[in-house]
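Everything below concerns the one structure shown next.
The values are calculated or read from the model by the stated rules, or taken from the named source; none is laboratory data. The structure displayed is predicted, hence computed values, not measured ones. Using ideal geometry, Cβ is built from the backbone for each residue, glycine included, and neighbour counts are taken over all protein chains shown. These accessible areas exclude ligands, DNA and RNA; they are computed on the full protein's heavy atoms, side chains included. Shrake-Rupley method; radii C 1.70, N 1.55, O 1.52, S 1.80 Å.
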Amino acid sequence: MASPQDFQTFVFFDVETTGLPYDKPCVAELCFFAVNRCSLQNSPQDFLQTPQPPRIVDKLTFCIDPQKPFTAIAEEITGLSNHDLEENCKPKFNTAVVEVLRGFLDRQTGPICLVAHNGFPYDFPLLRTELQRVGADLPPDTGCLDTLPVFRKLDKAADVDKAAKVSYKLGEIYRRFYGQEPTRAHSAEGDVLTLLLVFLAKAPELMEQAAKEARKWGDIQPMYVPEPEERKWPNLPKDLP
Ligand code: DCM
Ligand code: MG
């Protein structure tokens, strides 16, 4: 898609939601950590110590009223609930989220590559659905990298047998690299930190793979098209919440 030097900022991203794709989930938490490529190239990890993220990171986290019931498992693993989000007066996914997200991305040096683990089947399509629901979108040439198949590909290149048996869940990759438990799994911010730290463990290879494997945002298909009756804000003018 681009040459390895092209992506200047990598925006690590995770969503927590009400369920799995067949539940037609809605987003309940979003987190983005934006890191310039120079900090990814210059943050060597000591694998005997607790891994450290780069010092210079822009961060954005939202809690969102999904306006859809959590499945029991989603509620259990995320620690989020409809009751708690309502009690904390968190608004729905609205144009305010879009404006802040656009501002956050606009201030990063481009080209930008969004990075999510299992992002191609889950995080990217679902974010596109939520944006579509409010009549919004991201720039179509924004890069999107799914680290799950890239980690598998890197292992296959090194050792085919091993790659067939190994789990590529984010937490398992973290445990393999660092010999520790990741912190705050299934919170959007915890998962983004874990993703950034596993990326750092293989940053040169992953940045090279980003140039080959990243897709364009405009080619990501929404997870589902909101049904007309599910549209929460039909034909909403852009300047209303
Ligand atoms: N999820 C789910 N059931 C699972 C795993 C995940 O419903 N067994 C949903 C809820 C999570 C979302 O996927 O908020 C994102 O998963 P993760 O926390 O791994 O990023
Ligand atoms: Mg998560």
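Consider just the alpha-carbon atoms of the chain and return their Rg together with their Dmax, both in angstrom.
According to the Cα coordinates of the chain, Rg and Dmax are 17.8, 54 Å.
What is the chain's relative contact order, in percent, from Cα pairs under 8 angstrom and six or more apart in sequence?
It rounds to 29 percent for the chain.
Write down the percent of antiparallel bridges among all DSSP beta bridges whose residues are both part of the chain, to the nearest 5.
Rounded to the nearest five, the antiparallel share is 65 percent.
For n ≥ 4 DSSP H runs only, could you compute -39500 (n - 2.57) per run for the chain, divide by its residues and tell me the 222 nm figure to the nearest 500?
-11000 deg cm²/dmol
Given a cut-off of under 8 Å on Cα pairs at least six residues apart, what relative contact order in percent is computed for the stretch 1-108?
About 26 percent, as a whole number.
Leaving out ligands, DNA and RNA, and with a 1.4 Å probe, what % of the accessible surface on the chain is carbon or sulfur?
52
Using a 1.4 Å probe, what is the accessible area per residue for the chain, in Å²?
That works out to 49 Å² per residue.
Cα axis of helix 203-213 to longest principal axis of the chain: angle in degrees, 0 to 90, nearest 10?
Result, in degrees: 60.
What share of all Cα pairs of the stretch 7-94, in percent, falls into each consecutive 5 Å distance bin?
All Cα pairs, binned at 5 Å, distribute as 3, 13, 18, 17, 13, 11, 13, 10, 3 percent.
To the nearest 10 degrees, how steep is helix 95-106 against the longest Cα principal axis of the chain, on a 0 to 90 scale?
Around 30 degrees separate the two axes.
Near Val115, within a Cβ-to-Cβ distance under 13 Å, what is the net charge of the other residues, with Lys and Arg +1 and Asp and Glu -1?
It works out to a net charge of -2.
Check cross-link reach from Lys156 to the aspartates and glutamates: straight Cα distance under 17 Å, and skip same-chain residues fewer than eight apart.
Counting by Cα, and skipping residues close in sequence, Lys156 has these aspartates and glutamates nearby: Asp146, Glu172, Glu205, Glu208, Glu213.
I'd like the orientation of helix 147-158 relative to the chain: the angle between its Cα long axis and the longest Cα principal axis, in ° from 0 to 90, rounded to 10.
Between the helix axis and the principal axis of the chain, the angle is about 20 degrees.
Let's see if you can work this out: charge +1 on each Lys and Arg Cβ, -1 on each Asp and Glu Cβ, no other charges. What is the dipole magnitude of the chain about its Cα centre, in debye to the nearest 20?
540
Is there a pair in Lys68/Lys153; Lys59/Lys165; Lys24/Lys169; Lys24/Lys92; Lys59/Lys216; Lys90/Lys212 whose C-alpha atoms are over 28 Å apart, and which pairs would that be?
Check vs 28 Å cut-off fails for Lys68/Lys153; Lys59/Lys165; Lys90/Lys212.
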